[in-house]
Amino acid sequence: MSEVRPTVLIDEATIAAKVAELAAQIDRDYAGVDELILVGVLKGAFIFLADLSRKLTIPRAVDFIALSTYANSTTTGAVRMIMDLRRNIEGKHVLVVEDIVDTGHTLAYLMKNLATRQPASLACCALVRKAERTEVEVPLRYLGFDIPNVWVVGYGLDWAERFRTLPYIGVVTPEA
Ligand code: 5GP
């Protein structure tokens, strides 16, 4: 069995600076709002959400949702909800916090689903996006980084449940 070792794509300091920048923008945009509900998409967004939410100064609350994408099915983009929000978001300001946008199908499904619950506002903040893979355009009000079409791990992202707790975003390449 070959060893898999991630190589650094975005280092820890670069991520921290970007998270602080995004938090400052969100603070500005939602200044005066009574409460912003941050919806973390499990599992991958848990570290990004933890860091981002602690950088914010506006009143905020955290909730989670879990989705599954049938990545290997021939009908690409089939998304299923595994765990729903605890809270009713009707009339609330909601910001979806997503780790990665690949084809866009997962986020498109989620935004459509949440919109039916009539939040006061609904927007998305994604840490990374594979721009060249886009199949469905979903407006991202906040984006950390555009990355090439590679499989990334770390900072919440996994490869078969491995590497989620790496402090950086890396690329997995099987060693010769
Ligand atoms: P979508 O294609 O619907 O935008 O993304 C589907 C899901 O695939 C993402 O939410 C994420 O869980 C997973 N995914 C896509 N690309 C990567 C990647 O490079 N690394 C990891 N860990 N997950 C990815």
message = Less than 13 Å Cβ to Cβ from D146, Lys/Arg counted +1 and Asp/Glu -1: what total charge do the surrounding residues give?
response = +2
message = I need I58, I82, I26 ordered by Cβ neighbour count within 10 Å, fewest first.
response = I82, I58, I26
key: Contact order relative to length of the chain, as percent, for alpha carbon pairs under 8 angstrom and 6 or more apart   = 26 percent
request  = Please give the residues of the stretch 14-42, grouped as numeric ranges, whose backbone N is less than 12 Å from a label point set 7 Å along the Cα-to-Cβ vector of V62.
outcome  = 38-41
task = Relative to the longest principal axis of the C-alpha atoms of the chain, give the angle of the C-alpha long axis of helix 46-55, reported between 0 and 90° and rounded to the nearest 10°.
result = 50 degrees
task = Rounded to the nearest 500, what is the 222 nm mean residue ellipticity of the chain from helices alone, with -39500 (n - 2.57) per DSSP H run of 4+ residues and division by all residues?
result = -7000 deg cm²/dmol
message = Using a 7 Å offset from Cα along Cα-Cβ at D84, what residues in the stretch 98-123 end up with backbone N under 20 Å from the label point?
response = 106-123
query = Per residue and in Å³, how big is the convex hull formed by the alpha-carbon atoms of the chain?
reply = 118 Å³
request  = Rounded to the nearest 10 degrees, what's the angle between the helix 12-29 long axis and the longest principal axis of the chain, both from Cα atoms, 0 to 90?
outcome  = 20 degrees
inquiry  = Per residue, how big is the convex hull of the stretch 18-63 when only Cα atoms are used? Give it in Å³.
reply    = 60 Å³
ask   = Within the stretch 1-142, what percent of beta bridges assigned by DSSP are antiparallel, to the nearest 5?
value = 15 percent
Listed pairs K55/K112; K18/K130; K43/K130 exceeding 22 Å between Cα atoms = K55/K112
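No lab work stands behind these numbers, since they all come straight from the coordinates. Keep in mind the model is a prediction, meaning the values are calculated, not measured. Glycine gets a Cβ as well: all are built from the backbone with ideal geometry, and neighbour counts include every protein chain shown.
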